[in-house]
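The values are calculated or read from the model by the stated rules, or taken from the named source; none is laboratory data. A quick note: this is a predicted structure, and the numbers were derived from the prediction, not measured. Cβ atoms come from the backbone with ideal geometry, glycine included; neighbour counts cover every protein chain shown.
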Amino acid sequence: MKPHTLLIVDDESAHLASLRDALGSDYNLLFARHGNDALAAARKHLPALLLLDVHMPDMDGFEVCRRLRAEPSTTGLPVVFVSAQANGNDEATAFELGGLDYLVRPLVPAVLLARLRSHLSRVPVQMLENSYREALLMLSHAGRFNDSDTGNHIWRMAAYARALAEAIGWDSAQCQMLELAAPLHDTGKLGLPQSVLLKPGSLTPEERAVMKTHTTIGGNILRRSEAPVFKMAAEIALCHHERWDGSGYPKGLAGDAIPESARIVALADVFDALSMKRPHKEPWPMEKIVDHITAGAGNHFEPRLTRYFLDSLPRLMEIHSHWDDSRPNPAAPSSFAPPSRLPLLHDSIYSVSGSMPQRARAASSLIRASIQ
Ligand SMILES: [Fe+2]
């Protein structure tokens, strides 16, 4: 039995015939001679892999690939490009579009078969990676299931955390991991009684003590995995309410004893919480948020992080605007600078020098000026 179905897309019948000869005894084959036919066949059959000619009239292979990537049902289909000539730009485009390979004619059947076998052996791994990522997303949502805010919050906060990690020089793999781990910070709320979690108004001291246990509950749930992303998520869940001066919970850790990932998420979470509308509060104006966070340097937040927070403000505001723009949210504050003004604001904030209080005041007035 042939294990996989391949979709071969080429406008020249001679090419289709030679590929049928080379691959027909190992794979089930589907053929298309035009971009639109290829898209229809891909949607209908979801082949294990597309062998896609780059140069075709009307719609070239790159455009076919772009359209596959734009549709949820076909976005992950593996694509191998085939071209008549070696061309550095085309090759770069092929990989930018997520192509697995870029082959140049004439194709040697034995080599083609070996390469396809190698690529197809990766398909289950890719599916596993996608499932793993989706499981993280579902767990993130589960942790916020009883919250009144929209799902936007966790993704926006994760993007803030990533921006701060980038600003302090984390490498891109670590930044990416933080973006996946940060939304799990309140996973422990799954273990809280609804009477506490959903109580309107202020909590009694006993209820506050129960609420604080979401840190240890979350840490205990997430540390069961050896996977690096869950290890990071566990330290964040456990330590995101610790404070730089040791006055936080659950352990009262201070300074560098608090994992850096948790220090970043603590700041990103407060920034996000203050900037959004909740049932009991309006969003704070940006200058008030800046004042609050810079005043927290050395007590709530690591002083170095608050400096990078100021440097990153334009980026953070850009993220805020992005989430508001792409997913309309009536609760979103409307007073943030639109993206078109951000480059100017960005340059202005970077040009401010002096002590941190001076820079915070200057940043506040620049923000005020930019939103008037
Ligand atoms: Fe929390």
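Results for (1) more than 20 Å from the chain's Cα centre (by Cα); (2) within 21 Å of H34 (Cα to Cα), shown as yes or no for each residue.
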site: M59; (1), (2): yes, yes
site: E71; (1), (2): no, yes
site: L77; (1), (2): yes, yes
site: F81; (1), (2): yes, yes
site: G88; (1), (2): yes, no
site: A94; (1), (2): yes, yes
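Criterion applied to L29, L46, L77, L19 was being closer than 21 Å to L116 by Cα, among the aliphatic types (A, V, I, L, M) and touching a residue at least 40 places away in the same chain (Cβ under 8 Å), and the one residue passing it is L19. Counting the residues of the stretch 237-249 that are within 15 Å of the ligand (Cβ to nearest atom) and surrounded by fewer than 16 Cβ atoms within 10 Å (Cβ to Cβ) gives 0. From the list A163, A167, A158, the lone residue that is surrounded by 16 or more Cβ atoms within 10 Å (Cβ to Cβ) and within 16 Å of the ligand (Cβ to nearest atom) is A158.
Within the stretch 280-295, not a single residue is in the same structural domain as I154 (by TED's automatic domain parsing), within 16 Å of the ligand (Cβ to nearest atom) and either in contact with an Asp or Glu (Cβ under 8 Å, 6 or more places away or on another chain) or not in a helix (DSSP H, G or I) (or both). In the set (1) surrounded by 20 or more Cβ atoms within 10 Å (Cβ to Cβ); (2) at pLDDT below 95; (3) more than 16 Å from the ligand (Cβ to nearest atom), T306 fails one condition alone, (2).
Restricting the search to helices (runs of 4 or more DSSP H) fully inside the stretch 182-271 and requiring at least 1 residues that are in contact with a helix residue (DSSP H, G or I) (Cβ under 7 Å, 6 or more places away or on another chain) and farther than 28 Å from E166 by Cα gives 194-197, 205-212, 214-222.
How many residues, within the stretch 250-263, are of a type in the set (D, E, K, R), away from the ligand (no atom under 16 Å from the Cβ) and more than 20 Å from the chain's Cα centre (by Cα)?
Here is the first cut: in the stretch 250-263, the residues of a type in the set (D, E, K, R) are 251, 256, 260, 263.
Remaining after also requiring away from the ligand (no atom under 16 Å from the Cβ): 256, 260.
Next cut, more than 20 Å from the chain's Cα centre (by Cα) only: 256.
Looking only at that region, the number is 1.
Here L52 clears all of (1) modelled with pLDDT under 95; (2) not in a helix (DSSP H, G or I) except the condition numbered (1).
The residues listed here are K199, K189; of these, the one that is more than 21 Å from the chain's Cα centre (by Cα) and within 12 Å of the ligand (Cβ to nearest atom) is K189. Against the test of being of a type in the set (A, V, I, L, M), without any contact (Cβ under 8 Å) to a residue 40 or more places away in the chain and more than 11 Å from the ligand (Cβ to nearest atom), the options A234, A266, A273 yield a single qualifying residue, A234. Screening A234 with (1) over 21 Å from the mean Cα position of the chain (by Cα); (2) surrounded by 13 or more Cβ atoms within 10 Å (Cβ to Cβ) gives one miss only, at (1).
Filter the stretch 202-220 down to residues that are buried (at least 16 other Cβ atoms within 10 Å of the Cβ) and either at pLDDT below 90 or closer than 21 Å to W155 by Cβ (or both) and give me whichever is farthest from the ligand (Cβ to nearest atom). Looking at the filtered set, the residue picked out is G218.
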